[in-house]
Amino acid sequence: MLKCCRTSVEKQLGSVKTLRKCTELEKSVATIAIVFSNHTAADGKLSKGQAKDLLSTHFQSFIKGQELKPKYKEILSDLEEGKDARLGFEDFMILLTSLTIMSDQMHEIRSVTVKQ
């Protein structure tokens, strides 16, 4: 059974004392960890089906428009095969990083930061 979290991620981050003096990058990673944890079962893992649903609902801007890319198709195919297989945080981060690198959103972010 999935954990139910009624507390916002922002409030959860605020409750971790060590994050109060962290960098933006550290807070970003902590946010990912909290969102992941909020969606895991008691074993701290997501099924591949749950991971796909989590990405579809919480990572829309990064996966939008990727449907025709071969690597994206490969990743989705892997998530659809063996939907009950479990992903820990490390595997989820690798998945998230792969999708981020290939995304149009990332290319747009890079072009903005290069211009500044």
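The values are calculated or read from the model by the stated rules, or taken from the named source; none is laboratory data. None of these values were measured; they are calculated from a predicted model. Heads up, the Cβs are rebuilt from the backbone with ideal geometry, glycines too, and the neighbour counts pull from every protein chain shown. The accessibility values were calculated without ligands, DNA or RNA, using every heavy atom of the protein model including side chains. Shrake-Rupley method; radii C 1.70, N 1.55, O 1.52, S 1.80 Å.
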The alpha-carbon center of the stretch 24-45 and that of the stretch 66-116 are separated, in whole Å, by 17
Of 20, 110, 86, ordered by accessible area with the largest first and a 1.4 Å probe, the sequence is 20, 110, 86
Heavy-atom accessible area per residue of the chain, all protein chains kept, 1.4 Å probe, expressed in Å², is 69
Order by accessible surface, 1.4 Å probe, largest leading, for residues 54, 68 comes to 68, 54
Eigenvalues of the alpha-carbon gyration tensor of the stretch 7-53, times 5 and square-rooted, give semi-axes in Å, largest first, of 23, 11, 8
Straight-line reach check, residue 27, cutoff 13 Å on alpha carbons, 8 or more apart in-chain or any other chain, hits among aspartates and glutamates -> 10
Calculating Rg and Dmax of the Cα atoms in Å from this structure picks out, from [x] 19.5, 74; [y] 15.4, 47; [z] 14.7, 46, entry [y]
Calc'd 3J(HN,Hα), the stretch 54-60, phi into Karplus 6.51 cos²θ - 1.76 cosθ + 1.60 (θ = phi - 60°), Hz, glycine/Pro = x, comes to 4, 5, 5, 9, 10, 9, 4
Computed, not fitted: 222 nm per-residue ellipticity of the chain from DSSP H runs ≥ 4 (each -39500 (n - 2.57)), nearest 500, equal to -19000 deg cm²/dmol
Of the accessible area of the chain, computed with a 1.4 Å probe and all protein chains kept, carbon and sulfur make up a percent value of 57
Checked against the positive end of the charge dipole of the chain (+1 on Cβ of Lys and Arg, -1 on Cβ of Asp and Glu, about the Cα centre), the farthest of 38, 70, 59 is 38
Rounded to whole Å, √(5λ) for the Cα gyration tensor eigenvalues of the stretch 46-98, largest first, gives 17, 12, 10
